[in-house]
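Data first, discussion second: the structure below is written as structure tokens.
The values are calculated or read from the model by the stated rules, or taken from the named source; none is laboratory data. Quick caveat, the model's predicted, so the values are computed rather than measured. Cβ sites come from the backbone with ideal geometry, for glycine too, and all protein chains shown count toward neighbours. These accessible areas exclude ligands, DNA and RNA; they are computed on the full protein's heavy atoms, side chains included. Shrake-Rupley method; radii C 1.70, N 1.55, O 1.52, S 1.80 Å.
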Amino acid sequence: MNNIARLGLGLLLSSSLATAHAEDVKIGMITTLSGGGSHLGVDVRDGFMLAMEQAGRDDIEVLIQDDARRPDLARTLSNEFMQRDEVDIMTGIIWSNLAMAVVPAAVRQGTFYLSPNAGPSDLAGRMCHENYFNVAYQNDNLHGAMGAYMREQGYENPIIMAPNYPAGTDALAGFKHLFEGEVVDELYTQIGQTDYAAEIAQIRDSDADSLFFFLPGGMGISFMKQWDNSGVDMPVFGAAFSFDEILIKAVGSASIGAMNTSLWAYDLDNEANHAFVEGFQSAYERMPTLYAAQGYDTANLILSALEKAHPSDKDAFREALREADFDSVRGEFRFGPNHHPIQDIYVREVVEGDDGEPTNRLVGVAVEDIQDVYHTQCEM
């Protein structure tokens, strides 16, 4: 088993990587490595570390800590990284409520924060900051793209559902923004919920012609298994967060036929993506998810900026990040004025793979060059 494969097996506390440069850089990663939804953080970490290993630099130290999906712990770890370890850059947070607990204070204190996942609307709009960059999306984007896709496919009466936390409310707001029609109802669940009998009964009794939901991690597994056993006959749509490769394999055949939007697909045909998917499978012996792709791109953005400036030269490093001078696995990538991506969002369908297991197949582009609506509120 090679070095990267070993890194993927447990909690990585620190790692030093390969060529000598003049001034060392410290990166603090706070992510979810235990409890519900831990596979999201594991994949962000593993994608990030794969890019670092491939870069072969020994002047970069990556310190990694598990937030256990607790905002209070994430805040404590952030303070330790900044005050004790004096990190230059922070990254890694999966959940939007944890991002809101960490990011505003971190960037105000002069630390660069690059999000590989969480993209709450407040950080894209009224609370944007010059030291904050989101390398994934603004929370609305994938859901808005599915709203646009469903409208184009002729669905007129969807019912929509998400957990009641910042990413969930953003998800449904984003869907409605680009669906541009009336929805039958909005259902808000508890974060971490496992029993969806009441919600399924509401959906069954509604006049909806389709269901759109956002239930990341184990929530999506629980819902889809219960949905399959309910006998409700209705087309299901979502975003990649509820249909990543790990989730759909856990759900099994019940996920086949579901459509989902994503900024990335393993079968996207570009050189950077081919190298990423091959490298990830070789290192970790599994197919990467969206989260791994986002971690990989985040690391490569950092590496591209470090070729031009050190984070201690804040203005130069910030400008180097803005340039986004790296080959993204998702294809074209650039930052908007609020440091959030402007990018294409794709549609995928869950199909039966060659091994008989569910997998995602690229269908096409849902929306080109999507940009969040909150950038107009950003006074950066």
Taking only protein heavy atoms and a 1.4 Å probe, what accessible area per residue, in Å², does region 151-292 have with all protein chains in place?
40
With a cut-off of 8 Å between alpha carbons and a minimum separation of six or more residues, what is the relative contact order of region 111-183 in percent?
34
Under 20 Å Cα to Cα from Lys314, which lysines show up? Leave out anything in the same chain fewer than 8 places away.
Lys26
For the chain, calculate the relative contact order in percent as a whole number, restricting contacts to Cα pairs under 8 Å that are 6 or more residues apart.
18
For region 18-96, what is the Kirkwood hydrodynamic radius in Å, using each pair of distinct C-alpha atoms?
13.1
Nearest 10, in degrees from 0 to 90: the angle of helix 38-55 to the longest Cα principal axis of the chain is 40
Convex hull (Cα only) mean projected area of the chain, reported in nm² to one decimal
17.2
Reference-scaled alpha-carbon Rg (2.2 N^0.38 Å with N residues) for region 173-321:
1.33
Semi-axis lengths (Å, descending) of the ellipsoid that matches the C-alpha gyration tensor of region 237-380:
31, 19, 11
Backbone N under 18 Å from the Asp267 label point (7 Å along Cα→Cβ), restricted to region 349-380
349-366
Over region 17-95, calculate the relative contact order: mean separation of alpha carbon pairs under 8 Å at least 6 apart, over the residue count, as a percent.
50
Kirkwood hydrodynamic radius, computed over distinct alpha-carbon pairs, for region 242-283: how many Å, to one decimal?
11.8
Using Cα-only point scatterers and the Debye equation, what is log10 of I(q)/I(0) for region 72-133 at each q in 0.14, 0.16 Å⁻¹, rounded to two decimals?
-0.32, -0.42
Extension gain from Ala197 to Glu86, taking 0.36 nm per residue of separation minus the Cα-Cα distance:
35.2 nm
Measure off, as a whole percent, the carbon and sulfur share of the 1.4 Å-probe accessible area of the chain, all protein chains present.
43
Volume per residue of the C-alpha convex hull in region 249-331, rounded to whole Å³
123
With everything on Cα atoms, drop me the angle between helix 271-284 and the longest principal axis of the chain, reported from 0 to 90° to the nearest 10.
90
Given a 1.4 angstrom probe, what's the average accessible area per residue across region 44-106, in square angstrom?
31
With a Förster radius of 45 Å, plug the Cβ-Cβ distance of Lys249 and Glu307 into 1/(1 + (r/R0)^6) and report the FRET value to the nearest 0.05.
0.75
Taking K and R as +1 and D and E as -1, what net charge do the other residues with C-beta under 11 Å from the C-beta of Phe179 add up to?
-2
Can you compute the modelled spin-label distance between Asp205 and Arg151, with each label point 7 Å from Cα toward Cβ, in nm?
3.1
So, in Å, what gap is there between the alpha-carbon centers of region 152-213 and region 275-329?
34
Loop GluC sites (Glu not before Pro), region 324-372 (other Cβ atoms within 10 Å of the site Cβ: 15 or fewer; DSSP):
Glu332
Kindly provide the helix-only [θ] at 222 nm of the chain, computed as the sum of -39,500 (n - 2.57) over DSSP H runs of four or more divided by all residues, to the nearest 500 deg cm²/dmol?
-12000 deg cm²/dmol
